[in-house]
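What follows is a single structure, written as structure tokens, with notes after it.
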Amino acid sequence: MNVLHIDSSITGEESVSRRLTARVVDRLSEASPDLARRQTSLPQHGLSPVTETSPGADAASGIYDATVIPTTDEIVDRKAARELDEAALRTIFLEARTANGFLDYPVRRELLARAVELALLGPTSANGLPLRLVFVESAEGKEKLRPSLLAGNLEKTMAAPVTAIIATDLKFYEQFPRTFPDRGEMLKGTMAAMQPAAQREIAWDNAVLQMAYFIVALRSLGLDTGPMVGFDRKIVDEAFFPDGNWVSQYLINIGYGDDSKLFPRLPRFNVDEIARFA
């Protein structure tokens, strides 16, 4: 009898499920000495023929050694090892600044799409994912945006390679059957029965949360951002969201910042001024 042990975990050698299922196959091997056993990892190697030696298997026996389940300390150590290094922290936080002007250089749409993909991985209430975006990059789009801008934001926004309209979908809960399959219909019905003001509050708060993920994602991809609220939301909504289901929240200018136009970094609070332990 042949047994193919397929591991589909993206964590590879750190997969607890791999170790547990390997133990099951161990017992089968003990009960059937003639058992031919092979193991493969789909995320790393794809589906392999049963005649292949399993990736990561013991070279002599061809059998994956999964006799030890990691302790809590070992799991914590592995997770702690994911801590970002100093260079990554400089990119995302320590040296990142709010751009006040941009170089005349285009932003690839692939980078914007990647930033959205990353932002979508951050948590929201019941995986509601209400954030919606419009990337304004054309001259026509910028002219539609122009009347909404306050004077201090006009020049830099019109010159920015891309301006993202951050919006929230007030009907986001209609997507719960897709975003939360196990309880989607129940969540959809619960939200639909709420007062519009409560629906809006949930949509608004979670989209703002996603906007923060989006800014971090853009920075992690080497881009600079200039988020702002200095615009007339009503004008933006009438121009870009006439059906009323999406409503604008913020604008974010995106590109490669012109560091010569940066203001000095303004003061921040000390941790003990704003954080308490209870």
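The values are calculated or read from the model by the stated rules, or taken from the named source; none is laboratory data. Computed from a predicted model, the values in this text were never measured in an experiment. We place every Cβ from the backbone using ideal geometry, glycine too, and count neighbours over all the protein chains shown.
Side notes on the structure shown:
- If you go through the range 227-258 and keep only what is touching a Lys or Arg at 6+ places or on another chain (Cβ under 9 Å) and either among the aromatic types (Phe, Trp, Tyr) or outside the structural domain of ARG200 (by TED's automatic domain parsing) (or both), you end up with PHE240, PHE241, TRP246.
- Any pair with Cβ under 6 angstrom, 6 or more apart, that starts in the range 161-173 at a residue that is in the same structural domain as ARG183 (by TED's automatic domain parsing) and in contact (Cβ under 8 Å) with a residue 60 or more places away in the chain and ends at one that is among the charged types (D, E, K, R) and part of a strand (DSSP E or B): ALA167/ARG132; ASP169/ARG132
Every residue, every condition in (1) at pLDDT 95 or above; (2) farther than 30 Å from GLN175 by Cα, yes or no:
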site	(1), (2)
GLU74	no, yes
LEU94	yes, yes
PHE102	yes, yes
VAL116	yes, no
ARG146	yes, yes
GLU155	yes, yes
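- Filter result for the condition that a residue is within 22 Å of LEU111 (Cα to Cα) and of a type outside the set (A, V, I, L, M), over GLY184, GLY226: GLY226
- In the range 57-78, the residues that are closer than 27 Å to LEU35 by Cα reach residues that are of a type in the set (Ser, Thr, Tyr) and modelled with pLDDT under 50 with C-beta atoms within less than 6 angstrom, at least six apart or across chains, in these pairs: ALA57/TYR64; GLY62/THR53; TYR64/SER54.
- Residue check, PHE172 surrounded by 17 or more Cβ atoms within 10 Å (Cβ to Cβ) and touching a Leu at 6+ places or on another chain (Cβ under 6 Å): no
- Verdict on ARG109 being basic (Lys, Arg) and farther than 23 Å from ASP237 by Cβ: yes
- Residue check for LEU131: touching a residue at least 24 places away in the same chain (Cβ under 8 Å) and among the hydrophobic types (A, V, I, L, M, F, W, C): yes
- Considering the range 130-155, the residues that are out of contact with any helix residue (DSSP H, G or I) (no Cβ under 8 Å at 6 or more places or on another chain) and not hydrophobic (A, V, I, L, M, F, W, C) include one that is nearest to GLU117 (Cα to Cα), namely GLU137.
- So MET186, is it without any contact (Cβ under 8 Å) to a residue 24 or more places away in the chain, touching a Phe, Trp or Tyr at 6+ places or on another chain (Cβ under 6 Å) and not in a strand (DSSP E or B): no
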